[in-house]
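J.: Structure provided below as structure tokens; questions to follow.
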Ligand code: LFR
């Protein structure tokens with residue numbers, strides 16, 4: 001197995017990074033290590049959009065930082081065997097016929113989605129939609145956003161839509177592709193055939209050629225555009241990976257027991273199991289389970305839970321009010337409390353930006369629970385309630401899919417939160433393996449490394465995960481007996 005380096009461009013809803021992944025041969029499976037060479041904030045912006053203010057991603061700023069990151073990566077490595085992009089799902093940029101961007105991409109937390117839901121439901125029932133796309137109902141799904149674009153006259157027959165990682169890949173290479181794992185989050189991919197659901201496009205009045213040709217993770221897209229290669233210092237072959245961040249995170253799990261469930265915990269917490277085939281039952285639909293596409297044709301049977309968003313948005317509110325918040329101290333104070341209130345951590349009122357503590361207070365009242373008073377009490381309630389939601393979703397995923405679950409992996413930023421991991425183990429009644437923090441970047445790195453021949457020959461997901469297990473830092477939490 002040769003040694004080599006690749007660059008993962010991993011864009012999250014709160015920050016992005018360019019990460020160098022180094023693959024080293026050696027005894028056994030070899031190893032993979034990461035170095036973050038560029039980290040940059042992702043601050044959405046409100047701006048005027050024809051008839052109203054909208055919430056948008058500042059994508060050009062992200063792209064500027066990516067170019068700096070690629071230059072830094074090349075400076076450190078000399079050469080890169082590949083680069084690839086992943087990001088949050090659902091959102092897209094619209095291109096005009098000439099290929100230029102028709103406005104800043106919308107943020108999925110913009111309130112426009114309500115109009116889109118109404119428009120789609122009037123044309124296709126929820127049951128029928130689920131039978132085609134296998135996707136959980138979320139008002140933020142691309143299909144609802146596109147329905148609103150249509151209503152607002154933003155689409156023409158020539159419009160092209162590129163999901164965020166595909167848009168960055170287009171700017172890097174000049175090539176238009178639609179990577180399949182992220183395409184599965186749009187609501188417009190047929191979950192059974194894994195092709196665009198063209199009849200759905202027609203019924204919803206969307207141009208059938210809106211998205212480009214689908215490609216799988218690990219596809220060679222092309223080299224950097226010449227001007228860009230000159231700017232960053234060398235050409236780099238660009239590949240697709242599981243460009244939906246959650247698909248990459250599921251690749252980057254340190255799995256040693258195949259009877260596993262996962263919680264990919266960042267801004268969102270994605271909770272579920274990996275399957276070979278979709279589960280399209282009415283029971284699954286009613287519990288809002290989704291069948292998103294994974295790397296190598298696997299199915300990510302999961303559910304979106306609000307995740308660390310409700311904690312970070314609470315902190316933003318307190319800081320806005322003039323309080324100084326030190327998260328590690330706050331978490332320690334929260335952990336020292338004897339317990340906390342429990343509320344529905346997936347309540348729709350927690351989706352939009354705003355005064356999160358006030359909304360949590362409403363949720364607690366509705367649940368007949370004491371309303372937290374201090375930031376520590378709020379944070380304890382948030383972590384108790386997230387742990388409840390994780391446990392419920394894992395148990396439902398197992399019951400609905402028939403998959404045996406003996407261990408739960410918590411990866412991403414939430415894996416560093418000891419309070420959350422311990423509470424999750426307690427509620428689950430199962431061991432939790434926490435880490436790696438950078439599961440998404442690892443999954444991105446490994447799939448492109450496989451595409452360029454830097455990982456062992458058999459190249460199965462299981463062998464990639466064995467490499468993660470051999471290389472990553474993890475911590476195990478055993479469930480504690482219930483005292484109350
Ligand atoms: C996680 C994630 C989720 C998706 C949400 C919005 O970062 O990609 O999987 O539902 O963000 O795109």
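J.: Of the beta bridges DSSP finds with both residues in the chain, what % are antiparallel, to the nearest 5?
T.: 75
J.: For region 183-238 and region 40-99, what is the separation of their Cα centres, given in Å?
T.: Centre-to-centre distance over Cα atoms comes out at 16 Å.
J.: Does region 232-353 come out rounded, prolate or oblate by the C-alpha gyration tensor, with a ≥ b ≥ c the root eigenvalues, rounded set by a/c under 1.5 and, if not, prolate when a/b is larger than b/c and oblate if not?
T.: The shape class here is oblate.
J.: Neighbour counts of other C-beta atoms within 10 Å: give me 295, 255, 329 arranged from fewest to most.
T.: 329, 255, 295
J.: If you average the sequence gap of Cα pairs under 8 Å that are 6 or more apart and divide by the length of region 159-273, what percent do you get for the contact order?
T.: Value for region 159-273: 24 percent.
J.: Less than 20 Å from a label point 7 Å out along the Cα-to-Cβ axis of residue 194: which backbone N atoms in region 143-165 qualify, by residue?
T.: Label zone hits: 163, 165.
J.: Turning to a different aspect of this structure: Rank-order 401-411, 47-57 by packing density, defined as the average count of other C-beta atoms within 10 Å over each peptide's residues, highest first.
T.: Top to bottom by mean Cβ count within 10 Å: 401-411, 47-57.
J.: Now for a different question. Separation between the residue 203 and residue 76 pseudo-spin-labels, each 7 Å from Cα along Cα→Cβ, expressed in nm?
T.: Output for this residue pair reads 4.9 nm.
J.: In what sequence do 19, 241 fall when counting other Cβ within 10 Å, fewest first?
T.: 19, 241
J.: Separation between the residue 51 and residue 282 pseudo-spin-labels, each 7 Å from Cα along Cα→Cβ, expressed in nm?
T.: Distance between the two pseudo-spin positions: 3.9 nm.
J.: Given R₀ = 30 Å, FRET efficiency for residue 469-residue 349 by Cβ-Cβ distance, to 0.05?
T.: 0.15
J.: Please compute the modelled spin-label separation between residue 115 and residue 257, points set 7 Å along Cα→Cβ, answer in nm with one decimal.
T.: Modelled inter-label distance: 5.1 nm.
J.: When you take every Cα atom in region 299-440, what is the radius of gyration, and what is Dmax, the widest Cα pair distance, in Å?
T.: 15.1, 49
J.: Given an 8 Å cut-off on Cα distances and at least 6 residues of separation, report the relative contact order of the chain as a percent.
T.: So the answer I get is 17 percent.
J.: Would you kindly state how much longer the chain becomes between residue 156 and residue 337 on full extension, computed as 0.36 nm times their sequence separation minus their alpha carbon distance, in nm to one decimal?
T.: 59.5 nm
J.: Taking square-rooted eigenvalues a ≥ b ≥ c of the alpha carbon gyration tensor, is the chain rounded, prolate or oblate, where a/c under 1.5 means rounded and, failing that, a/b exceeding b/c means prolate?
T.: rounded
J.: May I pose another question? Exposure proxy check: 475, 380, 154 ranked by fewest other beta carbons within 10 Å?
T.: In order of increasing Cβ crowding within 10 Å: 475, 154, 380.
J.: Tell me the mean residue ellipticity at 222 nm calculated for the chain from its helices only (DSSP H runs of n ≥ 4, each -39500 (n - 2.57), averaged over every residue, nearest 500).
T.: -11500 deg cm²/dmol
J.: Round to a whole angstrom and tell me the spacing of the C-alpha centers of region 253-279 and region 415-484.
T.: Each part reduced to its Cα centre gives a spacing of 10 Å.
Any read-out appearing in this document is the output of simple, stated calculations on the displayed coordinates, not a laboratory observation. In this text the structure is predicted, and so the values were computed from the model without any measurement. Ideal geometry is used to build each Cβ from the backbone, glycine not excepted, and the neighbour counts take in all protein chains shown.
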